[in-house]
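Below is one structure, written out as structure tokens, with a few remarks after it.
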Amino acid sequence: MANLKSLVVLVSLGIVLVDGECQTNSGPIDNCCCLGYNNNNYNVKSSGVYTIGNFCGVKCSNARVYCDTTSGGGGWTVIQRGQDGSVEFQERVWVEYEDGFGGLTGEFWLGLRSMNCLTSHGNWEYRIDYQLPNGTKSYLHYKQFAVGPTEDQYQLTISGFDSVGLTDPFISDDGSLPYSLNGSRFTSRDRDYDNAPGGNCANENDGGW
């Protein structure tokens, strides 16, 4: 993601539940999703920060997320946003990537623990919205996305790229990457779990999967 981010002035990464059950009571949204912005059973009417209740099945545990109700039909839970360079994304250690950092109304990284909780039930899609320096806006879309648990080093599942006319940045078609990033484990500067021999990709390529 760092390579793409260096080419854009705005980037937002979001996930949406496409096969699973969302439930609510009279309080916060339950079951970890931003769906229902157009459903009278929910109170997600416009993009903004909302509270998820019983987060990851933990009774009375709440979490705050940013819901995007406009991009690609809406219903997206934003997991990362970069827009003005005010938050450093690459020079981080493992525990920071786990816990998340930044602010939900500005630049932020939601955190690996939260991403795992969100994607551990149902099927999720993944979308990257970005804006080039010349003002052109575009997006990348994947039909499957999940982040594994901490004991699997937050292994990435990503597939089903269907952005017409664009190249999948997670899979090299020119031989520059020796493997697909699907199935790779998260790597930080202080913990090396990548598949590449002879070095830590986080130090060479700014971290992540």
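Mind running the shape call on region 94-183? Use the C-alpha gyration tensor, a ≥ b ≥ c as the square roots of the eigenvalues: rounded below 1.5 for a/c, prolate if a/b tops b/c, oblate otherwise.
oblate
Semi-axes of the equivalent ellipsoid of region 84-140: what are they in whole Å, largest first, if each equals the square root of 5 times a C-alpha gyration tensor eigenvalue?
Computed over region 84-140, the values are 23, 19, 9 Å.
Rounded to the nearest 20 debye, what is the charge dipole size of region 74-169 about its Cα centre when +1 sits on each Lys and Arg Cβ and -1 on each Asp and Glu Cβ?
Using Cβ point charges on Lys, Arg, Asp and Glu, region 74-169 gives about 320 debye.
Based on other C-beta atoms within 10 Å, arrange Arg185, Arg92 from fewest to most.
If I rank by nearby Cβ atoms, fewest first, I get Arg185, Arg92.
Read-outs throughout are calculated quantities, based only on the coordinates presented, and are distinct from any laboratory measurement. This one's a predicted model, so the numbers in the text were calculated from it and none came from an experiment. Cβ: placed from backbone, ideal geometry, glycine included. Neighbour counts: every protein chain shown.
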